[in-house]
Amino acid sequence: MDATSNAQPRNLTENYDFDMGDSVFGDNAAPRGGNGRTLHWSPDGRWLFDTVAKQGRTPLVRVDTQSGAVSEITHGDQAVLDFSVTPDARAVVALVSTPVMIGDLFTVAEDGSQRRITDLHQSLWSQLNLTAPEEFTYTTFDGKKIQAWIQKPPDFDPQKKYPLILNIHGGPHAAYGWVFDHEFQWMAAKGYIVLYVNPRGSTSYGQEFGNVIQYHYPGDDYRDLMIGVDELLKRGYIDPKRLGVTGGSGGGVLTNWTVTHTDRFAAAVSQRDISSWTSWWYTADFTLFQPNWFKAPPFQDPQDYNNRSAITFVQNIHTPTMFVLGEADYRTPPDSGGEQLFRALKFLKRPTAMVIFPRETHELSRSGEPWHRIERLDHIVGWFDKWLMGIPHPEYDIRPERSRRQSRDSSNYNKKR
């Protein structure tokens, strides 16, 4: 829009069906906050530079301010996390991330060619064996194309049978893609194959694909994920009896939904989740969801909230499930999520565990206290090790009868005193 008092805005990218200013995400970008990315103008005002989330990638693009035409400057399997443009717009420096590179600086020429100017983690990489994921696309139940990735262990042998971890992203309007994610590399290094998928509702595939889950979440996105697991099982190197599932936030919602609707998974870890939409409606710090996810508040349409809440179906859970929560998480308050399911599963005498991190908000996995981030991963993989690998983890075992009896005796003694 022109800088005049009565100027009217003009939508430049109305016909460009991808997410301007967005990115696919990993777990090693800068913490949220600050000023974020900014748009850059060319000196003559003809062009705007920005990033865009497009089909699992984040290219740097240039937008024609006259026609709205969008042209990609960078290409390939990567994510441009941030960038800066010289005053004459002849050169760009971009912060680039890939599944095997956390983030280094590259110069980007007018023709899109890139030259690396930093290699900050060279000494670390020389000690590790990181591998790039394998991308594949499959057709889901209603004909939609779903993009997914397989992160394999560095010593992968196609003749072996591996345990699988389905890792579900949050949002739900977000997207996995070609960006560094330490969690996936860590799990693969521990001997797991990691499947990560962008089901319907994910960004970077256009507005219709992202919005189709409105008033139907969770639901068909769960079906997309299960078909992805089926497609991977066809490859023959996954042990169908050693399937695990995890996810945080919206991924926690879908993890809960998964274990209440199928027994095919041998273990689950639900993180920063929602188990009761009604409880969440009354307690969360996030209210903008309601017009887009529900047609009415819970006191006007309680059945819709119940029908989409995992707690309604808690008696169906037979999968050993761990809950990872943040004590100061106001986006998905623990008492509206894992605490409810944990208490119910304890009552039902089903295998479960709950880990609550003090002081941590909803950002635990991305910008939580460093030791908490490490301990979180240790617990997630430890739970899968116990149930998928058969590795003993006594910290998750139910206390022996003798210990419970001693506890009761001690309690009675204190009462007598």
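The values are calculated or read from the model by the stated rules, or taken from the named source; none is laboratory data. None of these values were measured; they are calculated from a predicted model. Every residue, glycine among them, receives a Cβ derived from its backbone with ideal geometry; neighbour counts consider all protein chains shown.
Before moving on, here are some points about what is shown:
- With respect to (1) touching a residue at least 60 places away in the same chain (Cβ under 8 Å); (2) outside the structural domain of Gly210 (by TED's automatic domain parsing); (3) of a type outside the set (Gly, Ala, Ser), the lone exception for Glu135 is condition (2).
- Restricting the first member to the range 242-266 and to residues that are farther than 18 Å from Asp27 by Cβ, and the second to residues that are basic (Lys, Arg) and part of a strand (DSSP E or B), the beta-carbon pairs closer than 9 Å and six or more apart or on different chains are Ala266/Lys241; Ala266/Arg242.
- Filter result for the condition that a residue is under 23 Å from Glu208 (Cβ atoms), within 28 Å of the chain's Cα centre (by Cα), in a loop (DSSP other than H, G, I, E, B) and not assigned by TED's automatic domain parsing to the domain that holds Tyr138, over Val24, Val61: Val24
- Some residue of the range 267-280 being among the charged types (D, E, K, R) and more than 22 Å from Tyr176 (Cβ to Cβ): no
- Filtered by the rule that a residue be assigned to a loop (DSSP other than H, G, I, E, B) and among the aliphatic types (A, V, I, L, M), the range 367-394 gives a lone residue, Ile391.
- Matching entry among Arg242, Arg272 (being assigned by TED's automatic domain parsing to the domain that holds Thr139, touching a helix residue (DSSP H, G or I) at 6+ places or on another chain (Cβ under 6 Å), at pLDDT 95 or above and more than 23 Å from Leu325 (Cα to Cα)): Arg242
- Restricting His173, His216 to those that are modelled with pLDDT under 95 and touching a Ser or Thr at 6+ places or on another chain (Cβ under 7 Å) reduces the list to His173.
- Search result, residues across the range 342-366 that are without any contact (Cβ under 8 Å) to a residue 12 or more places away in the chain and outside any loop (DSSP other than H, G, I, E, B): Arg343, Lys346, Phe347
- Odd one out for Thr258, checked against (1) crowded, with 24+ Cβ neighbours inside 10 Å; (2) of a type outside the set (Phe, Trp, Tyr); (3) part of a strand (DSSP E or B): (3)
Rundown of residues vs (1) of a type in the set (A, V, I, L, M, F, W, C); (2) modelled with pLDDT under 90; (3) touching a helix residue (DSSP H, G or I) at 6+ places or on another chain (Cβ under 7 Å), yes/no style:
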site: Phe25; (1), (2), (3): yes, yes, no
site: Ala29; (1), (2), (3): yes, yes, no
site: Thr38; (1), (2), (3): no, yes, no
site: Val52; (1), (2), (3): yes, no, no
site: Leu60; (1), (2), (3): yes, no, no
site: Asp64; (1), (2), (3): no, no, no
site: Val70; (1), (2), (3): yes, no, no
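- Among the residues of the range 209-244, the one identified as aromatic (Phe, Trp, Tyr) and more than 22 Å from the chain's Cα centre (by Cα) is Tyr237.
- Of the candidates Gly177, Gly171, the single residue that is in contact (Cβ under 8 Å) with a residue 24 or more places away in the chain, outside the structural domain of Ala29 (by TED's automatic domain parsing) and either more than 23 Å from Ser204 (Cα to Cα) or touching a strand residue (DSSP E or B) at 6+ places or on another chain (Cβ under 7 Å) (or both) is Gly177.
- Residue that is farthest from Gly171 (Cα to Cα), among those in the range 1-24 that are surrounded by 13 or more Cβ atoms within 10 Å (Cβ to Cβ) and among the hydrophobic types (A, V, I, L, M, F, W, C): Leu12
- Taking the criterion of being in a loop (DSSP other than H, G, I, E, B) and buried (at least 23 other Cβ atoms within 10 Å of the Cβ), the residues of the range 214-233 that qualify are Tyr217, Pro218.
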